[in-house]
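The values are calculated or read from the model by the stated rules, or taken from the named source; none is laboratory data. As the structure is a prediction and not an experimental result, all values here were calculated from the model. Cβ placement follows ideal geometry from the backbone for every residue including glycine, while neighbour counts extend to all protein chains displayed.
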């Protein structure tokens, strides 16, 4: 059961759940493609074609057992391996981000939750939302993703990671805000107004 489902109030219904879009993995893909490029074309660059032992400071490292077998490895391969390791680290970080991020709209609140171990959850009652902004770049419009910023009363601003179909997210939130104000007006219409 997700965090959003666990945190519902008695008469509250979860209307929409949004997760980050696949685009958060783009830095990983770029590093991986760059690593493949270095692995393929690095041997054609004269400086990278030498073995690791060619680099002057490696003479000092030769005495360490781990570096002895690297003496005969071309520099471009080591550089590519480092890039692949960075790509894997980025992938794991983004995967944890994907698993630990949820955005939800209920009939009472808008909930933005980030994190697995260290959790940051921001919940705004619909009556307290002043503005919902959507930002989509050209690439975001083509692939239908973007970020949503929610501005609450008092100036609090929360921004989502890129989510799929942010316009639908905003539309559902605005519809629920309208429903909340409609219910508020119905409840207030039967009461007399007190003027001091």
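One residue is enough: does segment 120-135 have a residue meeting the conditions out of contact with any helix residue (DSSP H, G or I) (no Cβ under 7 Å at 6 or more places or on another chain) and part of a loop (DSSP other than H, G, I, E, B)?
So far as segment 120-135 goes, no, none of its residues is out of contact with any helix residue (DSSP H, G or I) (no Cβ under 7 Å at 6 or more places or on another chain) and part of a loop (DSSP other than H, G, I, E, B).
Have a look at 100, 146, 152 and point out the one that is surrounded by 14 or more Cβ atoms within 10 Å (Cβ to Cβ), closer than 20 Å to residue 5 by Cα and touching a strand residue (DSSP E or B) at 6+ places or on another chain (Cβ under 9 Å).
100
Tell me, please, whether a residue that is at pLDDT 85 or above, in a helix (DSSP H, G or I) and in contact with a strand residue (DSSP E or B) (Cβ under 8 Å, 6 or more places away or on another chain) can be found in segment 5-20.
Yes - at least one qualifying residue is present in segment 5-20.
Looking at 97, 68, which one is in a helix (DSSP H, G or I) and at pLDDT below 80?
Being in a helix (DSSP H, G or I) and at pLDDT below 80 holds for just one of 97, 68, which is 68.
If a residue must be within 22 Å of residue 121 (Cα to Cα) and in a helix (DSSP H, G or I), how many such residues does segment 141-166 contain?
Residues that pass the stated criteria total 1.
Among the residues in segment 173-191, are any outside any helix (DSSP H, G or I), at pLDDT below 90 and surrounded by fewer than 17 Cβ atoms within 10 Å (Cβ to Cβ)?
Checked segment 173-191: at least one residue is outside any helix (DSSP H, G or I), at pLDDT below 90 and surrounded by fewer than 17 Cβ atoms within 10 Å (Cβ to Cβ).
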